[in-house]
Amino acid sequence: MALLSGQVAWITGGGRGIGRAAALALAEQGAAVAVASRTQSEVDHVVEEIAAGGGKSIAVMLDVSNWDMVAWAAKQIENTLGPVDVLVNSAGVLDPLGPLWKTDPEQWGRLIDINLSGAYYCMRAVLPGMIERQRGVIINISSGAATFAAPGWSAYATSKAGLEHIAHNLVVDLQDRPIRTYSLRPGIVETRMQQHLRGSTDEQLPPKRRQFFVDQKEAGQGYDPAVPARAIVWMASSLCDLDNGAMIDLRTQPEYVEKIDRALTQ
């Protein structure tokens, strides 16, 4: 039997990159998947891919920074697929890049609205039902930027640090209820975000920092999105043996990649 048979998963940022790969992987393991994104054409395509593989999914046009839209989406998902068992907060943006004092305040705030408040809104929408049913898994897609300072990253790093901390606070709030919450740092993954970093200007990132991402690409050090997608499946499943509130970093803890692959192929 598939690992997630009979479960409902909601993934934000599901139209491309890690979100798309996770939606496909979750569906492959039997979950009915609500694929959410601001771009209708992208989520429609992912839903078509899932259907072609025999899976069940729906497309959800959603701006996670809008609480009313998130609350509406949660109701639509429950009415169509059923109560959400697995929430994956993958929606995120990178800009503005650059020294803090040169960033656009509206753009800075917009990033926080999407990367951090959007994740909170989705958790807020599903948690009452999870608590009532006494089950559920929440997976927040974080970044190594959450714990180190790098030039030009003030908004993105702040959002990811907050995302990890909100997960820690949630575990305390849940008070041993059987709802699991994890953070995943996927490492360097070949996505549009990585392309943007490699093509950034000197005003956005210092040349040395930009070259780091170029060198990683040339050395083949980045992951395909399917790698963190498999980690998401494992974290959502009963195979996961992490402590509640745990974080794994696929870049600094590559042993998890092998462990997860072994577990999923047994």
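In table form, for the structure just shown:
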| quantity | calculated |
| --- | --- |
| Cross-chain or 6+ apart pairs with Cβ under 6 Å, region 61-86 first and more than 11 Å from W10 (Cα to Cα), then open to solvent by 80 Å² or more (accessible area, probe 1.4 Å) | D63/R38 |
| In region 74-84, the residues that are loosely packed, with under 15 Cβ neighbours inside 10 Å and not in a helix (DSSP H, G or I) | G82 |
| Residue in region 85-94 that is at pLDDT 95 or above and surrounded by fewer than 24 Cβ atoms within 10 Å (Cβ to Cβ) present | yes |
| Selected residue (criterion: most open to solvent (accessible area, probe 1.4 Å)) from residues of region 206-221 that are of a type outside the set (S, T, N, Q) and over 15 Å from L97 (Cβ atoms) | E218 |
| Filter pass, V227 being touching a residue at least 24 places away in the same chain (Cβ under 8 Å), outside any loop (DSSP other than H, G, I, E, B) and open to solvent by 20 Å² or more (accessible area, probe 1.4 Å) | yes |
| Test: R180 is modelled with pLDDT of 95 or more and either of a type in the set (D, E, K, R) or in contact with a helix residue (DSSP H, G or I) (Cβ under 9 Å, 6 or more places away or on another chain) (or both) | yes |
| Among (1) out of contact with any Pro (no Cβ under 8 Å at 6 or more places or on another chain); (2) within 17 Å of N89 (Cα to Cα) - the single one A22 does not satisfy | (1) |
| Hey, I260 buried (at least 17 other Cβ atoms within 10 Å of the Cβ) and either outside any helix (DSSP H, G or I) or small (G, A, S) (or both) or not | no |
| Pairs, first among the polar types (S, T, N, Q) in region 92-107, second open to solvent by less than 30 Å² (accessible area, probe 1.4 Å) and in a loop (DSSP other than H, G, I, E, B), C-beta under 7 Å, six or more apart | T103/P96; Q107/P96 |
| Region 207-224, subset polar (S, T, N, Q) and either assigned to a helix (DSSP H, G or I) or modelled with pLDDT of 90 or more (or both), residue nearest to the chain's Cα centre (by Cα) | Q216 |
| Qualifying residues in region 159-195 (those that are under 30 Å from L205 (Cα atoms) and in a loop (DSSP other than H, G, I, E, B)) - the one most open to solvent (accessible area, probe 1.4 Å) | E190 |
| Odd one out for L87, checked against (1) within 18 Å of the chain's Cα centre (by Cα); (2) assigned to a helix (DSSP H, G or I) | (2) |
| Check on P128, at pLDDT 95 or above, in a loop (DSSP other than H, G, I, E, B) and surrounded by fewer than 21 Cβ atoms within 10 Å (Cβ to Cβ) | no |
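The values are calculated or read from the model by the stated rules, or taken from the named source; none is laboratory data. Here the structure is a predicted model, which means the values were calculated and not measured. Every residue, glycine among them, receives a Cβ derived from its backbone with ideal geometry; neighbour counts consider all protein chains shown. Side chains included, ligands, DNA and RNA excluded: accessible areas come from the protein's heavy atoms. Shrake-Rupley method; radii C 1.70, N 1.55, O 1.52, S 1.80 Å.
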